[in-house]
Amino acid sequence: MESALTTDMPQPSFFKRLTAGDWLFALALLAGAVFAYHRYADFMDVYEKGFLFSAVVVFSWLGWFFKPMRLLIVGIALLSLFGINQYHGDLARADQTFFLKYLFSSQSAIMWMNVLFVLATAGYWLALLARSEFAGKVASALTWSAVLMGFVGLMVRWYESYLIAPDVGHIPISNLYEVFVLFCLITALIYLYYEKFYETRQLGAFVMLVVSAAVIFILWYTFGREASGIQPLVPALQSYWMKIHVPANFIGYGAFSLAAMVGVAWLCVQRGIFASRLPKPEVLDDFMYKSIAVGFAFFTIATILGAMWAAEAWGGYWSWDPKETWALVVWLNYAAWLHLRLVKGLRGPILAWWAVIGLLVTTFAFLGVNMFLSGLHSYGTL
Amino acid sequence: MKTPNLSTSRALYELFSSMRFAISLLTILGIASIIGTVLKQNEPYVNYVAQFGQFWFDIFEMLGLYDVYHAAWFLALLTFLVASTSLCIYRNTPIMLHELKTFREHATEKSLRAFGHQQEYAFGGNVDDVVKRLAAFLTVRGFRHRSVPQANGDILLAAKAGSYQRLGYIFTHVAIVVICIGGLMDGNVPLKIEELLGYKTVETRDVPSTEVPPQSRLSPANLSFRGNMTLPEGMTGNVAFVRIRDGYLVQELPFMVTLKQFRIEHYATGQPKSFESDVEIRDPELKEPLKATISVNHPLIYKGIAIYQSDFQDGGSQLDFNVWPLRGAAHEPGKMQGNVFKDFTLGEGDSALKVELDDFRLFNVLNLSPDDKGKSQNVGPSVTFKVRDTQGQAREYLSYMQPLMLDGHAYFVSGMRATQNEDFKYLRIPADGENSLGDYMRLRGMLLDPAMAPVIAKRMSGKMLEGQNANPEMVAKFESSMVHLLEAFARDGYTEVAKLLEQSVPEAERDKAAEAYFKVITSAAYEGLAMSRAQAGLSAPEPDERTQRFVGDALNSMSDISFYGTPFYLELNGFEQRQASGFQLTRSPGKNLVYGGSVLLVLGIFAMIYLRERRIWLLVKPESQHVLFAMSANRKNRDFENEYARYAEQLQALFKG
Ligand code: HEM
């Protein structure tokens, strides 16, 4: 009767399952927000105050939902604060003091992110080819630390922008360099979540390829174009909408890229490549659906937020500006994908190929538009 | 007895409400929208003609490719989508709602045994107790259930969870329809219809808004529009222009807008930081005018019309010029005053030149470092103007008011081009010690004045041959060749000097001679500078590196004067800026529909993705002491399989007891 009783035992609700650690984490976030509010309220408009406290809710939930996030967020907070502290309000110290020069100035931190991501990619491939459990563990660890350094880089950069001049200061998601960093981080995070969820590390080898590609772009952008500097915001971008529109978009982009790479893995398995090493097709198929579903949901939100922003900045919620239009194309594309899968119950190669091609469409919407088409979207021209 | 057209309409209904049709529509719509991003929309038609040639231009125009998103066929496509989706909703909603309600408690044992996911367990003990436990089992797992006694004494527990997923479908698709309708409302469809019916015609002439005839005007009552209005500071407007294809319509406004002031603020780096317009709204219904400031991202909404800061331009600034002669001996500037968008004439008769002032810029952020690596900075005001001769030939000019620092030295810079599509060629005039054009112009007057050549020659010979008691004819020879040289330079700078060289010097010695010529001209220029400054009652130039360089640069720019094309140089030396602000005015009643629909859409999608409808049947059979467990979901996927396996196992455990 024991086991029977236990199975009869009501499963505690989500909140009941939270540990002391969870609540401590949330409290810490709240404390941080209250402190920030107490200190900077006079500089914030009502939206920013709203964001500050919504952030507490959102990140608490993230930490509760995906426990490793708690550690990550705390880590980001501590390292960023340390980095910011090193400045003593003087930007020049970025290449004078040891810690800033080699670790925590935004440029160095992001450089570390790049290096770690590339190493992680190598690690995942080693794990895949040599069937090495250990290499896989190391690769995950590297990915986590890359994410950590990346976010620290962005945080410090945010602060640096205010050191340049108070009126220049802005959240670092406003030009191609910054959003590429964001892209790497979000893609990696979503992957790490599913890595845990499906208890498989083999896919890292594929997913990290996209991230590494983005890293290469960042490097080219930094050294080839010397475009990694902090630029003041053009008037159109000075809006609180940016703070939510852009991240939402990149959750979409990230998830879609993830799905595409899983699609590639699926196609490999189908052709007997790595078949014995990679997860079973059903798992891959499910993985693909889940990340496209997440991507679709957030991409929808992002597009809607974009429309609301446009309504405020350009005088119309929809102007058929190339970026908008391509967002619509991407959206329709995945709507069709979901229909085929959910309504027609379709599975297999078509969906896999579609997901892969979807990435091309998405990439064009993200990059191609800025490179080849002119429009109202006033940032990120190459 | 079905009539044929009934069955065809049936077939149409089938087609429209089918997934295949929906997917095809989505795809076509996607492709169609891409066209508009590849082909730049709403350009002036002349550009298209230039780009494609008349033949293709006509075809593309017929297809409405210059404004795809308002082309009839595109709107038709959207309408189809709405229709198809609505039919789909009409068709599926009843099913979904039924699914939402029903517990499927009529499932028979036979059908349950046919399930892919079913398993049977033996139990011992009291039936009611088992039923109670199973009920608990379901409840704690979030399943709601009905228990139905069967005719043969069995008890069926029919349970389900996550049914609201079905609402997700309804929400998503209703949202699509709502959004599209909202969009169509604002996508000037009504206007399109009026146009088709011939009530409205697009105005293509460039006439004052007051002269635009009624059939090209839209009344203030117009429900939805998106137009533009450009106001110079201090001016008032009460109409907006709605651009349509190669023309426009005049949208009358229920109020008057006055632009008090337009402001641009800049970052320290010179990039623009904000565009702001102080406006006043006048309206009979208002006691006193409504004052407001409009800036990017901060529109003003009045009477349901939103006014946005969209762009800006010059509003007719007043400009003062020094007109420096570039020909002959004269070297004193004349004065001229003009306004942007107006013109004035210099000279008379056939040589009269019309100066059309096109634009004035207060800030110009340029990167003057040779490799473009350095910092950009603001180099101050600039003016663009055209100079048109009596034949109507025009050249375009771009001049900067203040001298620009180019590798460490200050130059007055003015660009010239003969046609719009070539880039400017720049004349660089070295600024003198007072950062003015004075020295240069005086020197120019001296060197380019034939009458002065002998005088300079005399001074030179005096200096150079002094001491070495040279015989007179040698002096004369020296001077005449010197005069030749100077005259040549006066005609067309170094180009003429080169010609002279070719005529008078044999091949072999040219290089040496060229060097000598260059030296002579330079020192002549130095003399000229000294003389001209003396004439103007100014101190003699310092014989230093700076002066040397000045002379060199001066000579270079003089030999460029002929390409520059005008017999005068317009130096901007004063201005009174007047700006014009560009507004966009919109009334979009569809907006609320679109936003409402968006909320529905998000709710719907999350419901569809994150709620999973599952059903469980537990058939308790007292006399055979068995329980039949069956499970199903409308979407069979991995999560479902895992969940089924888990429950099967837990039930196993439960009955082991
Ligand atoms: C612009 C047109 C349409 C869009 C954007 C659209 C979008 C969607 C989306 C996002 C989903 C949810 C997929 C998911 O679960 O994440 C969905 C599901 C579905 N759509 Fe559409 N849809 C459209 C038109 C149609 C039409 C015309 C039909 C008519 C057959 C249709 C039938 C369905 C059905 C049956 C489902 C699955 C519902 C379920 O099983 O939960 N859709 N659609």
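The number of residues in region B:284-303 that are surrounded by 15 or more Cβ atoms within 10 Å (Cβ to Cβ) and among the hydroxyl-bearing types (Ser, Thr, Tyr) comes to 2. The set of residues from region A:329-344 being crowded, with 19+ Cβ neighbours inside 10 Å and either more than 10 Å from the ligand (Cβ to nearest atom) or not in a helix (DSSP H, G or I) (or both) comprises A:329, A:330, A:333. For residue B:49, the criteria (1) of a type in the set (A, V, I, L, M); (2) away from the ligand (no atom under 14 Å from the Cβ); (3) under 30 Å from residue B:619 (Cβ atoms) hold in every case but one, which is (3). None of B:249, B:300 is within 26 Å of the chain's Cα centre (by Cα), within 14 Å of chain A (Cβ to nearest Cβ) and over 30 Å from residue B:381 (Cα atoms) except B:300.
Residues that are touching a helix residue (DSSP H, G or I) at 6+ places or on another chain (Cβ under 9 Å) and of a type in the set (A, V, I, L, M) within region B:116-160 comprise B:122, B:130, B:134, B:136, B:140, B:155, B:156, B:157, B:159, listed in sequence order.
With respect to the conditions (1) crowded, with 18+ Cβ neighbours inside 10 Å; (2) assigned to a loop (DSSP other than H, G, I, E, B), residue A:89 lacks only one, and its number is (1). For residue A:272, the criteria (1) in a loop (DSSP other than H, G, I, E, B); (2) in the same structural domain as residue A:128 (by TED's automatic domain parsing) hold in every case but one, which is (2).
For region A:345-365, the set of residues classified as part of a helix (DSSP H, G or I) and more than 22 Å from residue A:250 (Cβ to Cβ) consists of A:349, A:350, A:351, A:352, A:353, listed by residue number. Which of the residues that make up region B:263-280 are away from chain A (no Cβ under 13 Å) and under 17 Å from residue A:315 (Cβ atoms)? The answer is B:279, and nothing else. Selection of region B:70-91 for residues being more than 16 Å from the ligand (Cβ to nearest atom), within 13 Å of chain A (Cβ to nearest Cβ) and part of a helix (DSSP H, G or I) yields only B:70.
For region B:141-170, the candidate set comprises residues that are within 10 Å of the ligand (Cβ to nearest atom) and among the hydrophobic types (A, V, I, L, M, F, W, C); within that set, the residue that is surrounded by the fewest Cβ atoms within 10 Å (Cβ to Cβ) is B:167. Suppose we filter region B:509-531 for residues that are at pLDDT below 90 and touching an Asp or Glu at 6+ places or on another chain (Cβ under 9 Å); how many remain? Result for region B:509-531: 1.
Candidates are the residues of region B:614-641 that are within 14 Å of chain A (Cβ to nearest Cβ) and over 18 Å from residue B:106 (Cα atoms); the one that is nearest to the ligand (Cβ to nearest atom) is B:635.
Residue by residue, here is whether (1) buried (at least 22 other Cβ atoms within 10 Å of the Cβ); (2) of a type in the set (Asp, Glu); (3) within 16 Å of residue A:334 (Cβ to Cβ); (4) away from the ligand (no atom under 16 Å from the Cβ) holds:
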| site | (1), (2), (3), (4) |
| --- | --- |
| A:249 | yes, no, yes, yes |
| A:252 | yes, no, yes, no |
| A:262 | yes, no, yes, yes |
| A:270 | no, no, no, yes |
| A:273 | no, no, no, yes |
| A:278 | no, no, no, yes |
| A:281 | no, no, no, yes |
| A:297 | no, no, yes, no |
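Of all the listed residues (B:573, B:556), the sole one being under 37 Å from the mean Cα position of the chain (by Cα), surrounded by fewer than 21 Cβ atoms within 10 Å (Cβ to Cβ) and away from the ligand (no atom under 16 Å from the Cβ) is B:573. Filtered by the rule that a residue be of a type in the set (A, V, I, L, M) and away from the ligand (no atom under 11 Å from the Cβ), region B:16-37 gives B:28, B:31, B:32, B:34, B:35. For the residues B:587, B:578, the requirement of being closer than 30 Å to residue B:361 by Cα, away from the ligand (no atom under 16 Å from the Cβ) and out of contact with any helix residue (DSSP H, G or I) (no Cβ under 8 Å at 6 or more places or on another chain) singles out B:578.
The values are calculated or read from the model by the stated rules, or taken from the named source; none is laboratory data. Just so we're clear, the structure is a prediction, and the values are computed from it rather than from any experiment. Cβ atoms come from the backbone with ideal geometry, glycine included; neighbour counts cover every protein chain shown.
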